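The values are calculated or read from the model by the stated rules, or taken from the named source; none is laboratory data. The structure displayed is predicted, hence computed values, not measured ones. Note that each Cβ is placed from the backbone with ideal geometry, even for glycine, and that neighbours are counted across all protein chains shown.
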Amino acid sequence: MAKSLAAALLLYFLCIPCYALNAQQSTKTVWVNLNTQQQEVLRPFAQDWNNLSSHEQQKLLGIAKRYPDLPPERQEKVRARLEHWSKLTPADREKARKNYQNLKQLPAERRQEIKRKWGQRQQLQNSSSASQKQ
């Protein structure tokens, strides 16, 4: 009896990942099923959309849902960030996620200092690229 219980438990725990995988696959959304507004906002991901995980798709769909309510300057920022994010490799995206998680765990003062330095760096890059265009 103990062997059959152990076998049943083993089978149960082996099947859980299969159910989870099927559940994840069933929540994926195919690009052609997105509405026009979603496709417009998420256009940088058009080619890779069907290969994204359901979790990534859900995150991006959340952004697309909030997008129309943003002020125009914020919409432009979101567009630029989506464009940049879409060009990253999966490894680079994972690295960015880890860096973000590490940043969230820092004390508030340290986070502010890093954000300030990052902003300064971005301004230098923007002014440098603007002067090169002229």
Exercise. Is the stretch 26-44 home to any residue that is at pLDDT 95 or above, out of contact with any Asp or Glu (no Cβ under 8 Å at 6 or more places or on another chain), of a type in the set (Lys, Arg) and surrounded by 10 or more Cβ atoms within 10 Å (Cβ to Cβ)?
Worked result: yes
Exercise. Which is loosely packed, with under 10 Cβ neighbours inside 10 Å and part of a helix (DSSP H, G or I), of 50, 126, 102?
Worked result: 102
Exercise. From the list 91, 108, 80, which one is over 13 Å from the mean Cα position of the chain (by Cα) and under 23 Å from residue 45 (Cβ atoms)?
Worked result: 80
Problem set entry | Index of the failed condition, residue 113 passing every other in (1) outside any loop (DSSP other than H, G, I, E, B); (2) exposed (fewer than 11 other Cβ atoms within 10 Å of the Cβ) | (2)
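Of the residues that make up the stretch 60-79, is at least one of a type in the set (Val, Ile, Thr), part of a helix (DSSP H, G or I) and out of contact with any Phe, Trp or Tyr (no Cβ under 8 Å at 6 or more places or on another chain)?
Yes, some residue in the stretch 60-79 is of a type in the set (Val, Ile, Thr), part of a helix (DSSP H, G or I) and out of contact with any Phe, Trp or Tyr (no Cβ under 8 Å at 6 or more places or on another chain).
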